[in-house]
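Working notes for the structure below.
Quick note: the coordinates plus some simple rules give every number you see, no bench work behind them. Note that the structure is predicted; figures quoted are calculated from it, not measured. Ideal geometry is used to build each Cβ from the backbone, glycine not excepted, and the neighbour counts take in all protein chains shown.
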Amino acid sequence: MTGSFKTGGSASWATALGPLAAFAVIAVALPFAFAGNRYLAFVIGVTMIHVTWTSGMNLLYGYTGLMPLMFAGIAGISAYTVVDLTAAGWSFWAALPVGAFAASVAGAILGLPSLRLKGFYFTLCSLVIQTVITLGFVYFAGLTNGDTGISQIALPTLPGGVSLVGTPYDLVLSIAAVASVAILIAIVRSSLGRRLIAIREDDELAGMLGINVTGYKVAAFFIGSMFAGIGGALYAPYIGFISPRSFDVLISMNIWLMVAFGGRGTIWGPVVGAALLAPLAFLLQDYYMVKDIVYGLLIIAVIALMPGGIASGLTVSRKVSASVARLNAEQRKLK
Amino acid sequence: MTDVLLKADAIFRRFGGVVALKGVDLVQYRGETVGMIGPNGSGKTTFVNVISGHLRPNSGTVAFEGRSFAGRKPFQIAQAGLTRTYQAVRVFGELTVRENVATALVDATDPATPDQVAELADWLRIGHRQESPAGSLTLMEQRQVELLMRLVQRPRLMMLDEPVGGLSSAEVRTMIALLAELKTRCTIFVIEHTMKVIRELADKVVVLMAGEKLAEGSPAEILADQRVIDRYLGSADA
């Protein structure tokens, strides 16, 4: 029996790469398939931005156990940075990494309260941080044009001076979404992922096993905020308009809801969550008041009825199988 | 046994107005099993918390293999080769046994090789449970997983906080046998509530009473010590 204990990684890469390849094919095919219908292609593009966002939110909420409700604010920091830099003559492609880096640094700093505050208390704190960021967007009107927002944001240009418009832009968003999911898979399967999951499960025990909990929480915020920043940078020229409301607490909660509804801590659950919920906003566009109510009801439903999200409905959750196994063990003992 | 592994000097720790540790000294040599006993609230767990970096002492110093632990965080102390368990069993319940072990290996300074891990898992008779969520195991099995997670880090000192707490009497005997073998793999420090476990395992016993060291000596000396008998062993608590 010696030698039977496996110490290698989890399931083989093939099991993760198969769905990724399928997702890549679908994501790249969709912009072409809907090239004739600008409206639907746009809905798909926005959904792809949300896949990028949910990947970052999933890293933080699903895998590290932190619920940052200032996520949209961090995306906004990148969006305003990129818009201001391109307005000052920068190339979009040079501004994008600067914006993403600004978001990462801001996220790592604004995530610092999570080192002291656990669970719900950090979430409350992040809510306050989000509010302050939103007020900041209103207050620093020199950079953000305040409540009026910035409209007619120039499209990124490709080498040769061609504007990135229509299907090519959709394609960039699809590629960003696929890359985000691929990076998330790589992180989760790496030793970094193992550390983050350990921190999510029991951060004191993780520390006792030699894991630098403080350092890896900051790293998680840095990386997770980069997803927020890349999504925010791509969002601004695609929509053509940003205002403080584009990155307010409701957006943070929507992104969180996509992760929670789809299945936190799973790779594909949040992708499905984004694919189902991001288009919902467009379907309900004419029913403005109803939209927020639907989101609110969904949040309550997810918390009360399906804390593991859709993904846990498809596969029996470990918690359930764990308690079944425990019952069986106890029954064996009684006999 | 002249190789000093752990040296704690005059450890003081207060919680508000309560002084939990009133200047506790300890010297533990490599290979020597130290047992710490004392009634509830005598400061045993606080002592381990101070050594493992979970609590800062108000005064006093801790040195491990001659190096000071002052200002070190628990993860740094773990990486230095000193590990501990908790009074209540603590594993990553949602993760499988294999994932628990993989997590223990990730930041170990001197991790066991895969062959050594397999050997340890078999020795602890937990290898067959590697794909089970740790939370689904019995308390005894979870204790075994806890030991496995520590042992794969190849620590030089393992501090065990009431390792037989909550186990059935048959399981207690199994655990004592495991710990007796464990002594050959790693230096151990055991906190126990009662003399039962300590008598069988320890080379040296420290009796803690209201935050002070009441006595120190071999199990036989402690059992014969009149002060210990009067103030602790004679009471129903022991």
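The range B:188-220 and the range B:103-146 have their alpha-carbon centroids 28 Å apart. Computed from phi, the 3J(HN,Hα) profile of the range A:19-27 under the Karplus parametrisation 6.51, -1.76, 1.60 (θ = phi - 60°) reads x, 5, 4, 4, 5, 4, 4, 5, 5 Hz, with x in place of Gly and Pro.
Run the reach check for A:Lys217 against aspartates and glutamates, Cα to Cα strictly under 18 Å, same-chain hits fewer than 8 apart removed. What comes back? Straight-line reach from A:Lys217, under 18 Å: A:Glu201, A:Asp202, A:Asp203, A:Glu204, B:Asp107. Comparing Cα centroids, the range A:250-279 and the range B:1-61 end up 48 angstrom apart. In this rough spin-label picture, where each label sits 7 Å from Cα along the Cβ direction, the B:Ala220-B:Val27 distance is 2.2 nm. In terms of surrounding Cβ atoms within a 10 Å radius of their Cβ, A:Lys291, B:Lys44 rank from fewest to most as A:Lys291, B:Lys44. Between B:Asn40 and A:Trp90, the C-beta separation translates, for a Förster distance of 60 Å, into a calculated FRET efficiency of about 0.35. Here r is the Cβ-Cβ distance between B:Ala88 and B:Arg185 and R0 is 25 Å; the resulting FRET efficiency, rounded to 0.05, is 0.55.
Rounded to the nearest 10 degrees, the inclination of helix A:92-110 to the longest alpha-carbon principal axis of chain A is 50 degrees. Scanning residues 5 or more positions from B:Thr187 or on other chains, those with amide H under 5 Å from its amide H are B:Gly31, B:Met158, with H placed 1.01 Å from N in the peptide plane. Length available on full extension from A:Ser151 to A:Arg189: 0.36 nm per residue minus the Cα-Cα distance, which gives 9.6 nm. Of the residues A:Val43, A:Ala29, A:Phe137, the one whose Cα sits farthest toward the positive end of the charge dipole of the range A:13-334, with +1 on the Cβ of Lys and Arg and -1 on the Cβ of Asp and Glu, is A:Ala29. Arranged from fewest to most other beta-carbon atoms within 10 Å of their beta carbon, B:Phe69, B:Phe189, A:Phe247 become B:Phe69, B:Phe189, A:Phe247. When the alpha carbon gyration tensor of the protein assembly as shown is reduced to an equivalent ellipsoid, the three semi-axes, largest first, read 54, 26, 20 Å. With kT/(6 pi eta Rh) evaluated at 10 °C and eta = 1.306 mPa s, and Rh the Kirkwood radius from Cα pairs, the range B:74-137 diffuses with a coefficient of 125 µm²/s according to Stokes-Einstein. In summary, the aspartates and glutamates within cross-link reach of B:Lys22, defined as a Cα separation below 19 angstrom excluding same-chain residues under 8 places away, comprise B:Asp9, B:Glu212, B:Glu216.
The modelled label-to-label distance for the pair A:Asn37/A:Arg245, using points 7 Å beyond Cα in the direction of Cβ, is 2.7 nm.
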